[in-house]
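Starting off with a structure, shown below.
The values are calculated or read from the model by the stated rules, or taken from the named source; none is laboratory data. All figures in this text were calculated on a predicted structure; none of them were measured in a lab. Neighbour counts run over all protein chains shown; Cβ positions are idealised from the backbone, glycine included. Just so you know, the surface numbers come from the protein's heavy atoms only, side chains and all, with ligands and any DNA or RNA stripped out. Shrake-Rupley method; radii C 1.70, N 1.55, O 1.52, S 1.80 Å.
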Amino acid sequence: ETGVTQSPTHLIKTRGQQVTLRCSSQSGHNTVSWYQQALGQGPQFIFQYYREEENGRGNFPPRFSGLQFPNYSSELNVNALELDDSALYLCASSFGGGMNTEAFFGQGTRLTVV
Amino acid sequence: AQSVTQLGSHVSVSEGALVLLRCNYSSSVPPYLFWYVQYPNQGLQLLLKYTSAATLVKGINGFEAEFKKSETSFHLTKPSAHMSDAAEYFCAVSGSFGNEKLTFGTGTRLTIIP
């Protein structure tokens, strides 16, 4: 158990719909990073939030957006869902944003777009 | 730009045999290197990390990895495989500065033969 909680665990959406995924960071952590892991692939960095501000973004279109709240929990929003958005979405929490501190991953949300 | 290449998408070893999972990196700055393990339907768990201290890094569950700058490698080893080691293993790299994203390899699926 890492203390990082993601909800829901599984989700099925229709192409064109919008989805919101949630992540509760580990106590004491102020940084949340989101990753997309397609089937059979390694995780791909989507973006990172540090103290409620976006702090780096990967190669994902603007329809992928996020928020971080004052309690450092975070949401990932995806608009206009496409079939290729089907993947495991992982969030990781850490302190300070630097990689010399360990990032703890949640168990992920499995999103299926049909 | 940073990247990692994991050689061998599938590796099978007998129980009790040496485990060797290969990872080569590319980085324009001194890298931080990581090995993560992912069990089915789970998130990622950190096995070990290299952050420019000792080149031989010991991790959890008896795993270790050696940073070799001349070979740009960070291979993961375990002297004696156990059935519980069967999982997907990911090598990852980040820059030496704070707030850096993790760039993952495509993963190696380790199978343990009884």
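Quick one: how many lysine pairs in the protein assembly as shown have C-alpha atoms under 18 angstrom apart, if they're 8 or more apart or on different chains?
Step by step, the pairs that qualify in the protein assembly as shown add up to 9.
Hey, what did chain B get for relative contact order, percent, Cα under 8 Å, at least 6 apart? Numbers along the way, then the final one.
Details: 294 pairs, mean separation 42.9, N = 114.
With pairs under 8 Å counted, the relative contact order is 38 percent.
If you count only protein heavy atoms and use a 1.4 Å probe, how large is the accessible surface of B:Glu15, to the nearest 10 Å²?
Answer for B:Glu15: close to 90 Å² accessible.
Related question: Using a 1.4 angstrom probe on heavy atoms only, work out the carbon and sulfur share of the accessible area of chain B in %.
Using a 1.4 Å probe with all protein chains present, chain B comes out at 53 percent carbon and sulfur.
Follow-up. How far, in nm, would the chain grow between B:Arg109 and B:Ser14 when pulled straight, counting 0.36 nm per residue and subtracting the alpha carbon separation?
Working: separation 95, 0.36 × 95 = 34.20 nm, distance 1.41 nm.
That works out to 32.8 nm of additional length.
Tell me: how much accessible area in total is hidden between A and B, 1.4 Å probe, Å², nearest 100? Provide the component values of the computation, followed by the final result.
On the way: alone 6220 and 6180 Å², together 10710 Å².
Interface area, both chains combined: 1700 Å², rounded to the nearest 100.
Under a 1.4 Å probe, what is the accessible area of the range A:24-114 per residue, stated in Å²?
Numbers: 3830 Å² over 91 residues.
With all protein chains present, the range A:24-114 gives 42 Å² per residue.
Let's test the formula: R0 of 35 Å, r as the Cβ-Cβ distance of B:Leu56 and A:Ser65. What FRET efficiency results, to the nearest 0.05?
Working: r = 42 Å, r/R0 = 1.20.
Using R0 = 35 Å, I get an efficiency of 0.25.
Measuring from centroid to centroid over Cα atoms, what is the spacing of the range B:62-114 and the range A:16-39 in Å?
First find each Cα centre; the distance between them is then 23 Å.
Further, regarding this structure: Each label point is 7 Å from the Cα along the Cα-to-Cβ direction; what then is the distance between the points at A:Arg51 and B:His82, in nm?
4.2 nm
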